[in-house]
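A.B. asks: Following this message is one structure expressed as structure tokens.
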Amino acid sequence: MARKLLIRDLTLRDGQQSSFATRMNQNQVDRVLPFYKDAKFYAMEVWGGAVPDSVMRYLNENPWDRLEKIKAVIGDVSKLTERYPDLLGLKGA
């Protein structure tokens with residue numbers, strides 16, 4: 001039986017503590033998203049406690065727009081609801 005390697009990417013979530021993500025404006029994120037799509041990750045975690053704060057405070061951008069744009073390009077690989085179900089009103093999800 002062949003086994004398949006599944007990779008979960010955390011760079012857009014955990015990278016909030018680095019200049020890579022904290023200071024990446026939406027235009028910069030948009031430019032790298034095709035590379036993430038081509039990588040065909042099993043899952044991408046793109047939201048953590050620092051994400052909305054950093055996006056709003058330092059970049060003056062809407063964090064919800066960021067999520068929508070990531071999903072529009074990458075598709076449905078985000079595991080956002082696994083970590084923060086209450087954020088989206090998905091209690092018990």
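A.B. asks: Which of (1) outside any helix (DSSP H, G or I); (2) modelled with pLDDT under 80 is the odd one out, the single condition Asp14 does not satisfy?
C.D. replies: Every listed condition holds for Asp14 apart from (1).
A.B. asks: Pull up the range 19-48, narrow it to residues that are within 18 Å of Glu61 (Cβ to Cβ) and loosely packed, with under 15 Cβ neighbours inside 10 Å, then point me to the one that is modelled with the lowest pLDDT.
C.D. replies: Restricting to residues being within 18 Å of Glu61 (Cβ to Cβ) and loosely packed, with under 15 Cβ neighbours inside 10 Å, the top hit is Phe20.
A.B. asks: Would you please name the residue that is nearest to the chain's Cα centre (by Cα), looking only at residues in the range 72-93 that are surrounded by 12 or more Cβ atoms within 10 Å (Cβ to Cβ) and modelled with pLDDT of 85 or more?
C.D. replies: Ile74
A.B. asks: Related question: Every residue in the range 31-53 that is hydroxyl-bearing (Ser, Thr, Tyr) and under 12 Å from the mean Cα position of the chain (by Cα), please.
C.D. replies: Selection gives Tyr36 alone.
The values are calculated or read from the model by the stated rules, or taken from the named source; none is laboratory data. Here the structure is a predicted model, which means the values were calculated and not measured. Every residue, glycine among them, receives a Cβ derived from its backbone with ideal geometry; neighbour counts consider all protein chains shown.
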